[in-house]
Amino acid sequence: MSISDPIDRLLDAAESGKSIIKNRDILHFTYIPNIIQHRNSEQEQVTQSLLPILKHSRPSNLLVYGKPGTGKTLVVKKVLNKIQDRVEKSKFPIKLVYSNSKEETTLYGLLVSFGRQLGMTDKELPGTGLAISEVFKRILNNIDESKINAIFVIDEIDYLAQLVSKTGKDILYQLTRANERLKQGSLTLVGISNDLTFKEKLDPRVISSLGEEEVVFTNYNVEQIKKILEERIKEAFIPNSVEDPALNLCAALAGGEHGDARRAIDLIRVAGEIAERQQSDKVTQEHVREASLKIEENKEETSLKSYPLHEKLVILAIMKAGGSSTGEIYSSYKGLCKVVGR
């Protein structure tokens with residue numbers, strides 16, 4: 001079989017074990033390193049805020065702010081993991097629960113995720129069919145009867161606030177006041193937000209109880225991102241497989257935007273994958289540039305795919321009308337609705 005066959009060439013390279021990335025998990029955003037660089041103060045603040053749970057007391061509700069890629073989720077998850085390790089050795093009933101409100105796109109789904117992590121079965125808490133108030137009541141009853149002390153982490157809590165404003169069901173208010181309805185056990189809320197103005201959009205009744213304590217994560221600078229990348233590259237890539245100019249470009253691209261370490265790690269991962277596909281021994285600046293273009297294209301495609309059908313039709317109508325009047329755009333939109341039968 002000819003070695004010039006593109007499939008054979010790639011399969012032969014895979015079989016020969018030629019790979020410059022030795023551990024891809026380290027380049028994934030869910031990976032929690034043993035040492036989180038440049039975040040000692042934030043780790044201390046989050047730990048101090050949640051410490052009362054180990055002293056058999058309810059911690060204050062906590063809000064964690066910062067732009068994407070500043071290490072918020074990483075730090076909170078690491079603190080939770082460390083607490084969990086100690087909880088295993090204690091008889092005090094503690095439950096640490098994590099949900100991302102951007103991934104759980106309904107209030108019902110978010111609460112069911114919370115209930116499942118508390119150990120509630122489908123019989124106790126059905127996946128559909130109950131009123132939101134009933135779902136919440138059943139969760140509180142479970143906490144009460146089991147005497148659970150729960151810490152409920154809601155990542156990207158700004159999305160939950162948007163859901164609340166659309167539905168009119170103020171679950172945030174109910175969550176922050178849950179302890180008034182609990183005779184035994186407790187519920188602490190930890191909100192993680194990418195939106196620094198998040199609190200300004202909340203009901204004043206929620207603000208006072210939700211933000212009892214706050215931790216703000218500042219942006220990483222280019223030099224800090226470079227150090228973070230160096231550590232990840234050391235663990236994830238084989239030695240000397242990433243050129244210094246490629247590393248510097250990754251740090252500059254991510255640091256120059258808004259100090260986003262996650263973007264920097266994504267860039268070096270995709271650049272490494274591109275280099276491997278080209279069977280290159282090293283990741284170069286050109287691979288990083290290609291990776292940047294690919295990530296931007298994927299982001300736009302994912303964003304468009306997430307739009308509801310009629311928002312997609314409006315975008316198509318605008319494109320078809322070529323920037324004409326609103327009347328022509330509306331006419332084009334109506335025509336597209338007929339085509340898709342909506």
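Residue pairs whose Cβ atoms lie under 7 Å apart, separated by 6 or more positions or on different chains, with the first residue in segment 106-123 and in contact (Cβ under 8 Å) with a residue 40 or more places away in the chain and the second buried (at least 18 other Cβ atoms within 10 Å of the Cβ) and among the hydroxyl-bearing types (Ser, Thr, Tyr), are Leu110/Ser99; Leu110/Ser101.
Looking only at residues in segment 254-285 that are part of a helix (DSSP H, G or I) and β-branched (Val, Ile, Thr), which one is farthest from the chain's Cα centre (by Cα)? So the residue we want is Ile274.
When restricted to residues that are at pLDDT 90 or above and open to solvent by 80 Å² or more (accessible area, probe 1.4 Å), segment 82-123 contains 4. Taking segment 27-57 as the range and being within 21 Å of the chain's Cα centre (by Cα), of a type outside the set (D, E, K, R) and outside any helix (DSSP H, G or I) as the test, the residues that pass are His28, Phe29, Thr30, Tyr31, Ile32, Pro33, Asn34, Ile35, Ile36, Gln37, His38. Would you check which residues across segment 153-172 are open to solvent by 10 Å² or more (accessible area, probe 1.4 Å) and under 17 Å from Tyr108 (Cβ atoms) and list them? Correct list: Tyr159, Ala161, Gln162, Leu163, Val164, Ser165, Lys166, Thr167, Gly168, Lys169, Asp170. Cβ-Cβ distances below 6 Å connect the following pairs, each with a first residue in segment 125-153 that is more than 17 Å from Gln174 (Cβ to Cβ), a second residue that is open to solvent by less than 20 Å² (accessible area, probe 1.4 Å) and among the small types (Gly, Ala, Ser), and a separation of six or more residues or different chains: Asn149/Ser186.
Quick one: in segment 128-166, which of the residues that are part of a strand (DSSP E or B) and in contact with a Gly (Cβ under 9 Å, 6 or more places away or on another chain) is nearest to Asn81 (Cα to Cα)? Result: Val153. Just to be sure, is Leu125 under 26 Å from the mean Cα position of the chain (by Cα) and not in a helix (DSSP H, G or I)? In short, yes.
The values are calculated or read from the model by the stated rules, or taken from the named source; none is laboratory data. Given the structure is predicted, the values throughout are model-derived calculations rather than measurements. So basically every Cβ, Gly included, is an ideal-geometry build from the backbone, and we count neighbours across all protein chains shown. Note: areas computed on protein heavy atoms with side chains; ligands, DNA, RNA excluded. Shrake-Rupley method; radii C 1.70, N 1.55, O 1.52, S 1.80 Å.
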